[in-house]
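Let me begin by presenting the structure, written as structure tokens, before commenting on it.
Rule-based calculations on the coordinates, nothing more; no lab input. For clarity, every value in this text was computed on a predicted model and none was experimentally measured. Quick reminder, even Gly has a Cβ in these numbers, built from the backbone with ideal geometry, and neighbours come from all protein chains shown.
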Amino acid sequence: MQFSERIEKIPPYLFAELDRLKQEKIAQGVDVISLGIGDPDTPTAPFIVEAMKKAVEKSEHHVYPPYEGIKEFRQAVADFYERRYNVPDLNPKDEIIALLGSKEGIAHISLAVLDPGDLLLVPDPGYPVYSTGAVFAGAESYIMPLLPENRFLPDFGKIPSEVADRAKMMFLNYPNNPTAAVASMDFLKEAVAFAKKHNIIICSDNSYSEIFFDGYRPPSILEVEGAKDVAVEFFSLSKPYNMTGWRIASLVGNKDVVNALLTIKKNLDSGTFTAVQEAAAVALNHGDSFIEDMRKIYDRRMNKMIPTLQEMGIKVEKPKGSFYIWAPVPNGMTSIQFTRDLLERTGVIVTPGTGFGTHGEGFFRISLTQPDHRIDEAVERLAKTQVYA
Ligand code: MLT
């Protein structure tokens, strides 16, 4: 059998590998606590589940859904953007579509924008699917390093102008996965100006925008005046509403880019189950206080984990957004050495920084998406190690 060269270029999917490691340890009898993947442990809110139960009973929902998504869902996204970000002018008709989760849209948008040999600007460390999309399209990725000395923001001034001129698209993601860094409005303005100057489409991945702490509120790039000329944003229901398994997100913003992805999707999938979209619209319209409760849960977990890491001698500050902690590995170990050592000593799985790219070396990521008692148990096991100081 022969497979495509493309397949050879795709590395093992990070979170599938972590899952394999977890199953291996469980089979050995280890009581594993996985702080690896960012998959909320708390169930989807009961009012969303109830809406789904009602929606699934409707036989008119059992046929193919509209490719762009149902009107109610797209309107709910527009209303959410107006209420939450003060972005009042998103037109549900042609500036918003439904996705089968933002991962799907992120992977496919490269097929809509990039030809073989084209250039994509990707943050490193970053969500692995950004550069996998470029591989699918036969395009090249140019790495924008996210460095601690630049608060994990790309330095546009360091991108050579011939690279910037060649680039067709760029991914940004704040609050950031994996570094938990946040971006100011000034940075987003700079990004839009840079993109306009070099004719680059910005794909803002705003999957973590609703998880924030201590008075900070992450913006949307669409709040920047004129952003819609060059930018689209992925907004996912997975993390704010604990709906990772439901596969529902949206792409919003520049209508030409939205339409280009829709063209790809019309030929690839047949839309998101209408009942899921109906329940998702209910989530968007009535879920603000649920998200508020989720924020309190993650805040509590942060306030437990951060001091434990600090007491272990790990230099880390509480982030302003996301449910991730991005911390330097202690004792000069590599990311992989540390995560393996930690797993052997404590049964706790964390994600090695290099899983997110070469600039993740020297770091590891903790995801606070385990029930409180398991976080407590992880904190206790970490505190007991006393070997990393
Ligand atoms: C992560 O852990 O980085 C995310 O949960 C992965 C994803 O959203 O696909």
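Averaging 1/r over each pair of different alpha-carbon atoms in the stretch 157-249 and inverting the result gives 14.1 Å, the Kirkwood hydrodynamic radius. Taking one quarter of the surface of the C-alpha convex hull of the stretch 129-207 gives a mean projected area of 5.2 nm². For the chain, the fraction of C-alpha pairs farther apart than 40 angstrom is 14 percent. With neighbours defined as other Cβ atoms within 10 Å of a residue's Cβ, the residues His286, His108 order from fewest to most as His286, His108.
Spin-label pair Asp89-Gln2: with each label point 7 Å from Cα along the Cα-Cβ axis, the two points sit 5.3 nm from one another.
Under the simplified labelling scheme, the Asp186-Ile336 pair shows an inter-label distance of 4.0 nm, with each label point 7 Å from Cα along Cα→Cβ. Protection proxy ranking of 217-223, 308-314, by the mean of other Cβ atoms within 10 Å over each peptide's residues and highest first, is 217-223, 308-314. Listed by chain and number, the aspartates and glutamates whose C-alpha is less than 14 Å from the C-alpha of Lys58, apart from same-chain residues fewer than 8 away, are Glu50, Glu278.
Build a GNM of the chain with springs between Cα atoms under 10 Å apart, and of Asp115, Asp124, Asp186 the one that fluctuates most is Asp186. Of the listed pairs Lys9/Lys228; Lys22/Lys266; Lys71/Lys103, which have alpha-carbon separations greater than 29 Å here? Among Lys9/Lys228; Lys22/Lys266; Lys71/Lys103, the Cα-Cα distance tops 29 Å for Lys9/Lys228; Lys22/Lys266. Of Asp79, Asp229, the sequence from fewest to most neighbouring Cβ atoms within 10 angstrom is Asp229, Asp79. Relative to one another, the C-alpha centroids of the stretch 38-63 and the stretch 237-302 are positioned 13 Å apart. Give me the percent relative contact order of the chain, please, defined on Cα pairs under 8 angstrom at least 6 residues apart. Value for the chain: 24 percent. The antiparallel fraction among DSSP beta bridges confined to the chain stands at about 45%. When the charge dipole of the chain is built from unit charges on Cβ atoms (+1 for Lys and Arg, -1 for Asp and Glu) and taken about the Cα centre, the candidate among Met144, Tyr81, Ser238 whose Cα reaches farthest toward its positive end is Ser238. Applying 1/(1 + (r/R0)^6) with r as the Cβ-Cβ distance of Glu57 and Asn199 and R0 = 56 angstrom yields a FRET efficiency of 0.70.
Other residues whose C-beta falls under 11 angstrom from the C-beta of Ile96 contribute a net charge of -1, scoring Lys and Arg +1 and Asp and Glu -1. Lys320: which aspartates and glutamates have alpha carbons under 13 Å from its alpha carbon, excluding same-chain residues fewer than 8 sequence positions away? Cross-link targets: Glu210, Asp214, Asp299. The simple Förster model, with R0 at 35 Å and r as the Cβ-Cβ distance, assigns Ile264 and Asp372 a FRET efficiency of 0.25. Using the Karplus relation 6.51 cos²θ - 1.76 cosθ + 1.60 with θ = phi - 60°, the per-residue 3J(HN,Hα) values for the stretch 255-270 come to 5, 5, 5, 4, 5, 5, 5, 4, 4, 4, 5, 4, 9, 10, 9, 10 Hz, with x marking Gly and Pro.
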